[in-house]
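Worksheet: the structure to be examined is printed underneath.
Since every read-out is calculated from the coordinates, none of them should be taken as a lab result. Owing to the predicted nature of the structure, the values given are computational and were not obtained by experimental measurement. Virtual Cβ from ideal backbone geometry, glycine too; neighbours counted across all protein chains shown.
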Amino acid sequence: MEDFIRVEHVNFRYESEYTSEPVIGVLKDVSLQVRRGEFLALLGHNGCGKSTLAKHFNAMLLPVEGHVFVEDMDTAY
């Protein structure tokens with residue numbers, strides 16, 4: 001079965017609008033595969049990165065490091 005979504009070693013952090021220091025990293029070395037026809041549930045506490053990860057699937061956010069592929073297309077391009 002082919003991968004529908006593939007996340008490879010993604011790192012992401014939000015920049016603070018009040019200081020020049022970056023905010024603590026939200027996603028650290030995240031990798032996963034979702035095959036066509038599978039379902040995925042992201043569970044966790046508030047602020048743990050669920051929505052941030054989901055926003056990478058449609059390029060609303062781009063990783064600082066790593067790659068996100070949807071149907072083998074890199075969302076960064």
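Once each part is reduced to its C-alpha centroid, what is the distance from the stretch 27-77 to the stretch 3-20 in angstrom? Going from one Cα centre to the other spans 9 Å. Taking the number of Cβ atoms within 10 Å of each Cβ as an exposure proxy, the fewest-first ranking of Glu8, Glu17, Glu71 is Glu17, Glu71, Glu8.
Helical runs assigned H by DSSP (4 residues or longer) give the chain a calculated mean residue ellipticity at 222 nm of -3000 deg cm²/dmol, each run adding -39500 (n - 2.57) before division by the residue total. With θ taken as phi - 60° and the Karplus curve 6.51 cos²θ - 1.76 cosθ + 1.60 applied, the whole-hertz 3J(HN,Hα) list for the stretch 46-63 is 4, x, 8, x, 4, 5, 4, 4, 4, 5, 6, 5, 10, 6, 5, 10, 10, x Hz, x standing for glycine and proline. Among Val10, Val30, Val64, Val23, sorting on how many other beta-carbon atoms sit within 10 Å of each Cβ, with the fewest leading, yields Val23, Val64, Val30, Val10.
Annotation: the residues Ile5, Ile24, sorted from fewest to most other C-beta atoms within 10 Å of their own C-beta, follow the order Ile24, Ile5.
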